1. What's the FRET efficiency of Leu164 with Ile47 using the Cβ-Cβ distance as r and R₀ = 22 Å, to the nearest 0.05?
2. Using the 2.2 N^0.38 Å rule of thumb for compact globular proteins, work out how region 65-114 stacks up: its C-alpha Rg over that value, please.
3. Around Gly45, which amide H atoms from residues at least 5 apart in sequence, or from another chain, sit under 5 Å from its own amide H, with H modelled in the peptide plane?
4. In degrees between 0 and 90, to the nearest 10, how far off the longest principal axis of the chain does helix 135-162 point, with axes built from Cα atoms?
5. Quick one: angle between helix 19-37 and the longest Cα principal axis of the chain, in degrees between 0 and 90, rounded to 10, please.
6. Expressed as an acute angle from 0 to 90° and rounded to the nearest 10, what is the orientation of the C-alpha long axis of helix 47-63 relative to the principal long axis of the chain?
7. Could you tell me which trypsin sites (Lys or Arg not before Pro) in region 19-89 are loop residues by DSSP with no more than 10 other beta carbons within 10 angstrom of their beta carbon?
8. Report the residue, chosen from Leu43, Leu35, Leu164, that carries the largest GNM mean-square fluctuation when the chain is represented by alpha-carbon nodes joined by springs under 10 Å.
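Bear in mind that the values in this text are calculations on the coordinates, not laboratory data. What you see is a predicted model, and the numbers here were worked out from it, not measured in a lab. Ideal geometry is used to build each Cβ from the backbone, glycine not excepted, and the neighbour counts take in all protein chains shown.
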Amino acid sequence: MKQESNNFRIRQLIGGIYAPTILIAISQGLMVPVLPLFVKDDLGGGIGLAGLIVGVLAVGTVAADIPGGILTARFGGRFTLSLSAVLVAFSAIGMFFSQNIETITCFAFINGAGFGLWHVANLAYMTELVPQNFYGRTLSLVGGMMRIGMFIGPFIGSLMFSGLLGISFASQSVFILQGSVAFLASILMFTQLK
């Protein structure tokens, strides 16, 4: 339900929109440095195949745009946002258990689709919540949260994998962290938005 301009405050969106957005972006960014290395080192794929599977993430993102708009129009933004975070979490757990190239490719597509669904539903839901004269500020903050998350995520992922912190995690552990962060975003979104 859209609020009147004089009653609306941007800080109302911190718990339900901005925090989950940065969490989803962090979860997606975690995979950037690790997924190609996991495919190459743990699954035995070549560099070209590793790059192809990273590309499948982007294909999944693009493929989810139109269905995401349909789902959002039919079931609402809150439901679609929660569904997208659950898809990211589910696919991350699937990638953790992947033992071959075909399985990781399938889950990478689902992961990208969940991320694309998030983008579409988030922007559509913002237009439902926010008075029109606040669109520019609120949507630019969503974009900023995505960029910050996509900066933090790869940084955390590379630190986990590199052993620079004195502990070296298995490459698959990043998928568990990604799933956990996405699930946390889903819970936050679902509990904070009305």
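1. Once rounded, the FRET efficiency stands at 0.40.
2. So the Cα radius of gyration is 1.26 times the expected 2.2 N^0.38 Å.
3. Lys40
4. 20 degrees
5. 20 degrees
6. 20 degrees
7. none
8. For the chain, modelled as a Gaussian network with Cα springs under 10 Å, the answer is Leu164.
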